[in-house]
Amino acid sequence: MTRLRIPTAFDLLLFWHGLFVGAYTVAYLTAEGAPALHEFSGYAALALLAVRLIIARLAGQRAPWALPLPRAAQWKNFARQLLSGRLGVLRGRTPFAPLSGLLILGVMVLVSLSGLAADWWKWEDLHDGLAEGSLALVLIHIAIVSFAPLLRRLAAARSEDAAPSRLQTP
Ligand code: HEM
Ligand code: HEM
């Protein structure tokens, strides 16, 4: 039986992420053919960003709603492990993941504010350029956050492949 439980702060951030991905995707896909839906989803993305920033301000340093600001100690530790040949560090959460999230947050604020400028004052080129460019950043983000789980799966598949041959050795 499924048990109901009170959502944690992390669940709520995950929910926010889902809503934001949805608003961005609809805004991107409707930009050329459906202006009303584009503006609605664009405003929804802007409102979600405002909510995220207000909660970050209230949360201060508290995870997971604190802004994913880069921390020198995290980068130093990551670089030290890589330089000493411990490539297994790439299978965990690397500092590139929060950095990509932070960059998306910043760029999306610019994309949606420039959308307002495109709507109100017809400053369309700035918004077109930022919005088209944001897709590359989103794809890089997806590649970064998928890299560690992919490495973990590969390692698990390799150890499963190796297990039967170990059993066969006399
Ligand atoms: C397969 C798709 C995706 C996956 C698996 C994914 C996963 C993640 C993960 C794991 C983080 C946390 C990074 C960390 O701090 O370690 C994150 C953060 C973030 N992602 Fe994604 N993401 C995906 C797609 C997207 C898309 C399409 C967008 C934008 C439209 C997006 C926007 C963000 C933002 C803004 C953050 C920062 C969240 C915050 O701290 O406020 N993500 N994502
Ligand atoms: C995450 C949010 C947003 C994304 C991803 C996005 C994406 C885009 C893209 C890709 C275009 C270019 C379409 C083309 O090539 O013709 C565009 C155009 C436009 N967007 Fe947005 N947009 C967002 C938010 C907004 C907002 C909040 C508004 C404000 C109402 C807005 C208003 C417009 C307008 C008026 C145009 C037409 C410009 C033109 O005809 O070239 N957008 N948007």
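The values are calculated or read from the model by the stated rules, or taken from the named source; none is laboratory data. This one's a predicted model, so the numbers in the text were calculated from it and none came from an experiment. All Cβ positions, even for glycine, are placed from backbone atoms using ideal geometry, and neighbour counts span all protein chains on display.
Here is a list of conditions, (1) more than 9 Å from ligand 2 (Cβ to nearest atom); (2) within 25 Å of residue 135 (Cα to Cα); (3) surrounded by 15 or more Cβ atoms within 10 Å (Cβ to Cβ), and residue 49 meets all of them except one; can you say which number that is?
(1)
On the given criteria, is residue 114 in the same structural domain as residue 149 (by TED's automatic domain parsing), in contact with a helix residue (DSSP H, G or I) (Cβ under 6 Å, 6 or more places away or on another chain) and part of a helix (DSSP H, G or I)?
yes
Name the pairs: first residue in the range 85-107 and more than 16 Å from ligand 2 (Cβ to nearest atom) and assigned to a helix (DSSP H, G or I), second residue at pLDDT below 95 and of a type in the set (D, E, K, R), Cβ to Cβ under 9 Å, at least 6 apart or on different chains?
Every condition considered, the pairs that remain are 91/152; 98/71.
Checking residue 149 against (1) exposed (fewer than 14 other Cβ atoms within 10 Å of the Cβ); (2) touching a residue at least 40 places away in the same chain (Cβ under 8 Å), which test does it fail?
(2)
Is there any pair linking a residue in the range 24-37 that is more than 19 Å from residue 133 (Cα to Cα) to one that is more than 6 Å from ligand 2 (Cβ to nearest atom) and part of a helix (DSSP H, G or I), with Cβ under 6 Å and at least six apart or on different chains, and which?
37/30
Among the numbered criteria (1) within 13 Å of ligand 1 (Cβ to nearest atom); (2) hydrophobic (A, V, I, L, M, F, W, C); (3) under 24 Å from residue 71 (Cβ atoms), which one does residue 151 miss?
Failed condition: (1).
Among 49, 58, which is in contact (Cβ under 8 Å) with a residue 40 or more places away in the chain and farther than 30 Å from residue 153 by Cα?
49
Looking at the range 49-69, which of its residues are out of contact with any helix residue (DSSP H, G or I) (no Cβ under 6 Å at 6 or more places or on another chain) and not hydrophobic (A, V, I, L, M, F, W, C)?
52, 57, 60, 61, 62
Take the conditions within 10 Å of ligand 1 (Cβ to nearest atom) and either modelled with pLDDT of 95 or more or in contact with a Pro (Cβ under 8 Å, 6 or more places away or on another chain) (or both) and apply them to residue 58. Does it pass?
Considered against the rule, which asks whether it is within 10 Å of ligand 1 (Cβ to nearest atom) and either modelled with pLDDT of 95 or more or in contact with a Pro (Cβ under 8 Å, 6 or more places away or on another chain) (or both), residue 58 comes out as no.
Checking the condition among the hydrophobic types (A, V, I, L, M, F, W, C) and within 16 Å of the chain's Cα centre (by Cα), which residue from 58, 48 passes?
Exactly one residue qualifies, and that residue is 48.
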